[in-house]
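*Asks:* What follows is a structure written as structure tokens; I'll ask about it next.
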Amino acid sequence: MTVLSGRDAYRDELTRLAETDPAIVCLEADLGGKGHPFQTAHPDRFFNIGIAEGAMVDMATGLAAAGYKPFVSTFAPFAALRAAESLKLTLGYLGAGVTVVAPYAGVSGAWFGTTHHCLEDLAVLRSIPGVTIAAPYGEAEMRAVIRTAVESGRPHYIRTGRNAGYTSLPWDGEEPPLVNWDHPGEPGGPCLVSVGEEGTRLALAAREVRPETAHAHLVRLDHAHLALAAAELAQRHSHFVVVEEHRAEGGVAEALALLLPQCRVTGVNTGHDWPVQGGDHHEVMGQLGLDLPAVLSALNLHAALSA
């Protein structure tokens, strides 16, 4: 069975939900192409706004005020950065029930170059109170997050990659848990904390090398959810290695370090350099220092400091 990428799972799930919920509308900034499933199934509720991201978010605000459930989607750099003011006013100040789905996050655009990379979106969105931020890993998580966004009517920012398809970690119940414990590990040992698609992929790869290592996966990354997750994490461990495809500033490692001053938190991220060379997704990540050796090195450092 083919596993859909995050962005394709989003489109498929939203199209399915719209069959029984006439309030759902879909807006895209020239990303859909000719084969967008929502446009095919619900042409009267699909709007291709073109390269006008701020205007798209503003239109969604009006639709939300009229009782609709608007979902807007564009490249992460254009959603989080180009339309930042509109996001601040719509999702934050007005608290409008608009969901922003942002593919091409991190350096998943790879060959598209620095203008199409986005390593700053979590920092921007986490600074806006009231926004639920999610970075699903795998098709099942994405579908669950989309269902929650539809049902809640709250402002959401959902981060995903480009074409990578992953199998979500299992969980019990309808919704992914606040902390999904892939492996509890032993008390006193370092705990991997994975964020998003590539952070989780790398954490799982690290556990193949060091299967005894604890691993906690986080889906929701806004302050309210991270504060609750931090309390649960601290009940089991005091040393954390956070793996995320984002800059250090404004990322999840920085947030957890502030929430857990009594713990040791190390971030494995994309650092401070600009990705100026081409390559596929993982090659560009490696150029920025986010790869399996970096994760294993951080785990070894924790072990050495704890000895």
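*Asks:* Which of these, I51, I24, I146, has the largest mean-square fluctuation under a Gaussian network model of the chain (Cα springs below 10 Å)?
*Replies:* I51
*Asks:* Under the classification rounded if a/c is under 1.5, otherwise prolate if a/b is larger than b/c and oblate if not, where does region 1-150 fall, given a ≥ b ≥ c as square roots of the Cα gyration tensor eigenvalues?
*Replies:* The shape class here is rounded.
*Asks:* From the residues H156, H183, P136, which one has its Cα farthest along the dipole of region 132-218 in the positive direction, the dipole being from +1 and -1 charges on Cβ of Lys/Arg and Asp/Glu about the Cα centre?
*Replies:* After comparing all options, I get H156.
*Asks:* I would also like to ask the following. If you take the square roots of the eigenvalues of the alpha-carbon gyration tensor of region 175-223 and sort them as a ≥ b ≥ c, do you get rounded (a/c under 1.5), prolate (a/b over b/c) or oblate?
*Replies:* Oblate, because a/c is 1.5 or more while a/b does not exceed b/c.
*Asks:* Within region 192-208, list the residues whose amide N lies under 17 Å from a label point set 7 Å along Cα→Cβ of S152.
*Replies:* 196
*Asks:* Here's another thing I want to ask about it. If the chain between V276 and S297 were fully stretched, how many nm would it gain, using 0.36 nm times the residue separation less the Cα-Cα distance?
*Replies:* Length gained, V276 through S297: 5.1 nm.
*Asks:* Evaluate E = 1/(1 + (r/R0)^6) for E249 and T40, where r is the Cβ-Cβ distance and R0 equals 45 Å; express this FRET efficiency to the nearest 0.05.
*Replies:* 0.65
*Asks:* So what is the calculated 222 nm ellipticity per residue for the chain, using -39500 (n - 2.57) for each DSSP H run with n of 4 or more, over all residues, to the nearest 500 deg cm²/dmol?
*Replies:* Theoretical 222 nm ellipticity from helices: -10500 deg cm²/dmol.
*Asks:* Over the chain, calculate the relative contact order: mean separation of alpha carbon pairs under 8 Å at least 6 apart, over the residue count, as a percent.
*Replies:* 16 percent.
*Asks:* Taking the Cα centre of region 80-141 as origin, sum charge times position over the Cβ atoms of Lys and Arg (+1) and Asp and Glu (-1), and report the length of that vector in debye to the nearest 20.
*Replies:* For region 80-141, the charge dipole is close to 180 debye.
*Asks:* Report the charge-dipole magnitude of region 54-174 in Debye, nearest 20, computed about the Cα centre from +1 at each Lys and Arg Cβ and -1 at each Asp and Glu Cβ.
*Replies:* 160 debye
*Asks:* Build a GNM of the chain with springs between Cα atoms under 10 Å: which of G67, G289, G161 gets the top mean-square fluctuation?
*Replies:* Result: G67 has the largest fluctuation of those listed.
*Asks:* Counting only the backbone N, which residues of region 40-63 are under 13 Å from the spot 7 Å out from the Cα of F112 toward its beta-carbon?
*Replies:* 51
*Asks:* With a cut-off of 8 Å between alpha carbons and a minimum separation of six or more residues, what is the relative contact order of region 99-223 in percent?
*Replies:* 29 percent
*Asks:* Let me ask something else. Can you compute the charge dipole magnitude of the chain about its Cα centre, using +1 on each Lys and Arg Cβ and -1 on each Asp and Glu Cβ, nothing else charged? Give it in debye, rounded to the nearest 20.
*Replies:* The dipole magnitude comes to about 280 debye.
*Asks:* Now for a different question. Residues in region 1-15 near a label at E174, defined as backbone nitrogen under 18 Å from the 7 Å Cα→Cβ point?
*Replies:* Zone members listed by number: 13-15.
*Asks:* By its C-alpha gyration tensor, with a ≥ b ≥ c as the square roots of the eigenvalues, how is region 79-178 shaped: rounded for a/c under 1.5, else prolate for a/b larger than b/c, else oblate?
*Replies:* oblate
Readers should treat all values here as calculations from the given coordinates under stated rules, not as data from a laboratory. Since this is a predicted model, take the numbers as computed values, not measurements. Neighbour counts run over all protein chains shown; Cβ positions are idealised from the backbone, glycine included.
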